[in-house]
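The values are calculated or read from the model by the stated rules, or taken from the named source; none is laboratory data. Source: prediction; values computed, not measured. Ideal geometry is used to build each Cβ from the backbone, glycine not excepted, and the neighbour counts take in all protein chains shown. For accessibility, only protein heavy atoms count, side chains too; no ligands or nucleic acids. Shrake-Rupley method; radii C 1.70, N 1.55, O 1.52, S 1.80 Å.
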Amino acid sequence: MGSGRWSCYAWRGSESSSSMKLLLFMIPLILVAGLISILGPNPSSWAFVANPPLLLSSVSSTNISGGVAVTPEKASAISSNEKQKEGLVVVALDFHGVEDRAISDDNYFNHSSTPPLSVQPIQTPPQQSKRDEENVSQISPNVAHVPPERPKLQRRFSILDRTEAGLLQARAAIREAKNGNQTQDIDYVPVGPMYNNAKAFHRSYLEMEKQFKVFVYEEGEPPVFHNGPCKSIYSMEGNFIHAIEMNEQFRTRDPDKAHVFFLPFSVAMMVQFVYVRDSHDFSPIKKTVTDYVNVIASRYSYWNRSLGADHFMLACHDWGPETSFSVPNLYKNSIRVLCNANTSEGFRPSKDVSLPEINLQTGSINGFIGGPSPSRRSVLAFFAGGLHGPIRPVLLEHWENKDNDIQVHKYLPKSVSYYDMLRKSKFCLCPSGYEVASPRVVEAIYTGCVPVLISDHYVPPFSDVLNWKSFSVEVSVKDIPHLKEILLSISPRQYIRMQRRVGQVRRHFEVHSPPKRFDVFHMILHSVWLRRLNFRVHDDQ
């Protein structure tokens, strides 16, 4: 029986004894190979564990909804060059995700409509990278899972950091708006050649409304501080001071949340109550300003933090620039909002703001707004005023009583109304007086008369937004003898367009109480807002 079974196996495996020996030799090898294939480790796992992937600080997908998740496929795809960059952590920042905390919980503060920031490399110390390596679980079936730890905060974001981040996003939104679609607005949509870039201005204005905050120092007593004239040629000093102190949208009582800080003194009131008349001694005004800045610098940290760069003063009096010289950093660093915007006297358009000079004789614009159509304006050009400064004598010398088309007078007859003449004229001549600014510019705009700016070194108000060449005429002093020729060279069709644009930009010069959107109060604030966008304040403490 046994030999029979053996013979059977022998027949099936081989027909000779040599075949039997080969079979007996192969069986153990086959068994060993089978056991290795079933029980042995995966060679690919060995290779993965031996070469760990570049770590990402935002790999914890359970805690960071907007972070960068790492899968085995993604990890194996990282190039060997990237793996050698030790100490470099790639962080995904997304200010829109509620649970996104790629760096710290303070990332979630910016709610701007602009897109989130892109993935950015952030250098971290080598020991932090090594600690992250130990905390991140290796992607391998044979290694136990170790829950990742949240990266320790190296620095919390301050309120100033949040403020600067908001300004950063506002800059980005303004840049994008230049070539984007026009934003809708229920009150007014800037459009037309009166603006340097209407879309960018509108977006900037909306960003200002959304986040701009002004802190008004409460130190100081009236009448010099927190007060100003409202019914004179210097009326913008009092109007702005009262408007900003009553405003609830832009004024903040928390200085930590402010973008800018307002010094609420009136130069016109200093001239009236501090300066000794006819003394030619400016030192009392200088001392008043110096003492005030010293007080706020000692009580608050904000002046010294920026050396006054995020502070602003406002003055329509001719001595406004001179007043700023009282404190070197007030002149060099602070935003100076001045009617006397004379570049030959240190006015810097990138830092300072040109303030329109508005003579509110009654404290209101009622009765001064509006005028007839171009066809009902019979006088080519008109001016009436005293011999103030070096330019007006030249104007009167060439044109007073010389030409019926160019009505130039030192004094008007009592029977002739000044405002009636503005409304009868196509062009209104606005020569500078002792200083470059003139209230005649706004008077012309109010009455629908195309202003003719006769000045040297003058920066017109809101020039960063308004394209003055589209609705006014600029004539240098040396061209005064050719004034009629210059005005007649403007075709009737072009004049009609210019006159229409004067009516469209008028809203930006109107004074309202309470202020209205896009009026002169908001345009002044917007000019300060634009200057604040030009720099960044750092807190080194």
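By a 1.4 Å probe calculation restricted to protein chains, Glu245 has an accessible surface near 40 Å², given to the nearest 10. Using C-alpha pairs below 8 Å separated by at least 6 residues, the relative contact order for the range 299-394 is 19 percent. Taking amide H atoms as placed 1.01 Å from N in the peptide plane, the amide H of Tyr195 lies under 5 Å from those of Asn467, each 5 or more residues away in sequence or on another chain.
R0 = 56 Å: FRET efficiency of Ser378 with Phe157, Cβ-based, nearest 0.05? My answer for the efficiency is 0.30. Using a simple spin-label model with pseudo-atoms 7 Å out from Cα toward Cβ, Asp420 and Lys257 lie 5.4 nm apart. Here's how it looks for His512: its modeled amide H is under 5 Å from those of Val520, Phe521, which are all 5 or more places away or on a different chain.
Sequentially through the range 278-284, phi angles give Karplus couplings (6.51, -1.76, 1.60; θ = phi - 60°) of 6, 7, 6, 10, 8, 4, x Hz, Gly and Pro residues having no value and appearing as x. Centre-to-centre, using Cα atoms only, the range 380-427 and the range 442-470 are separated by 18 Å. Converting phi to 3J(HN,Hα) with the Karplus coefficients 6.51, -1.76 and 1.60 and the offset θ = phi - 60°, the range 289-300 yields 5, 4, 4, 5, 5, 5, 5, 5, 5, 7, 8, 10 Hz in sequence order, with x at every glycine or proline.
Remark: relative contact order (the range 402-541) = 17 percent; criterion is Cα-Cα distance under 8 angstrom and separation of 6 or more residues. A Förster radius of 30 Å combined with the Cβ-Cβ distance from Asn366 to Glu176 puts the calculated FRET efficiency at roughly 0.15. Close amide H contacts of Asn342 (hydrogens built in the peptide plane, cut-off under 5 Å, sequence separation of 5 or more or a different chain): Phe347. Per-residue extension of 0.36 nm, minus the Cα-Cα distance of Lys516 and Gln184, leaves a gain of 117.7 nm for this segment.
Once you reduce the range 498-523 and the range 163-213 to the center of their Cα atoms, the two points are 17 Å from each other. What residues from the range 209-246 fall in the zone where the backbone N is under 11 Å from a label point 7 Å along the Cα-to-C-beta line of Phe273? In the range 209-246, the label zone of Phe273 (backbone N under 11 Å from the point 7 Å along Cα→Cβ) covers 220-229.
Rolling a 1.4 Å probe over the heavy atoms of the protein chains gives the range 269-324 an accessible area of 48 Å² per residue.
Taking every protein chain into account, the accessible area of the range 426-491 amounts to 33 square angstrom per residue (probe 1.4 Å).
3J(HN,Hα) couplings calculated from phi for the range 366-374 with the Karplus curve 6.51 cos²θ - 1.76 cosθ + 1.60 (θ = phi - 60°) are, in sequence order, 4, x, 10, 9, x, x, x, 6, x Hz; Gly and Pro show x.
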